[in-house]
Structure formats: structure tokens, C-alpha cells
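Each remark here refers to the structure printed beneath this line.
Bear in mind these aren't lab numbers, they're just calculated from the coordinates by the rules spelled out. Remember, predicted model here, so these are calculated numbers, not experimental data. Glycine also receives a Cβ, built like all others from the backbone with ideal geometry; neighbour counts cover every protein chain displayed.
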Amino acid sequence: MIQQLIDGLPDLISAAVETNPLLGYGAVALVMLLENLIPPIPSEVLMPYAGYLVHAGRLQLLPTVAAGLVGTVLGAWFWYGIGRWINEERIAGWLASQEPSLVQPPWFGGGVLGTTDPRGADPGVRAGWH
């Protein structure tokens, strides 16, 4: 089912552009929004297709970029809102009730699953950051 949805998205954009270029920009924004909400949808495939439509003269560059930007920002805002609602304290409480070892003590950086510092990944990387 998801694969059929993904395969049909370029056709959705094409049909929207054929109907009205303004609908094409809306379709680009919608596809980018869905790309953020439904992880298997690859923007790496869809935005080059939108670029092809720009190259073919069926869409304009700046409105296409703006539509992609608006769609992806709206999708990111959705997850930001979820993150604000389900905050770290709620996640830590839930994890502690499920598996206490997942919540690190404060002397290890604290927080849920600790924090990731790229400098701690490898001594060579750490040396390059100092």
C-alpha cells in the first residue's frame, strides 16, 4: 500500500501541473509535507522530478522551491509540536517504567538515552575538534 502511494506521487504532481500550474505547486508542497510525516517517501526522488518540471517549463523555479520549503517546514512543525507535547520528562518517565536501564544517570550526561556528542565518537575525531 505504501509503495503504491510512493509510486503514484509523481503522477499526482504531473496531474496537478496538467490541470493548473498553481495546483502543481500545491502538490509539491503536499508531497514534501507527506515526506516528513511518512518516512518512506523519498524527497530525493520527488524534488528532482519537480526540478525536471521546472526545466521542461511546466513550473517556475522560485515557486517550486518555495512550495517544497513550505511543505517540509509544515511537516517539521508537526513533529516539533509532537516533541513539545511529549517532552523529555514524559519520555524518561515512560522509559523508566518500561526499562530503567535506558534512562542514564546524570553523571553520564543524563537525559533519555544520554546525549550524542560527535567528538566522543572516535579519538581522531575528538582531536580534530579541539
(message) I'd like the Kirkwood hydrodynamic radius of region 40-101, using the inverse of the mean 1/r over distinct C-alpha pairs, in Å.
(response) 14.5
(request) Using per-residue counts of other Cβ atoms within 10 Å, averaged over each peptide, order 71-80, 23-32, 39-48 from highest down. (result) 23-32, 71-80, 39-48
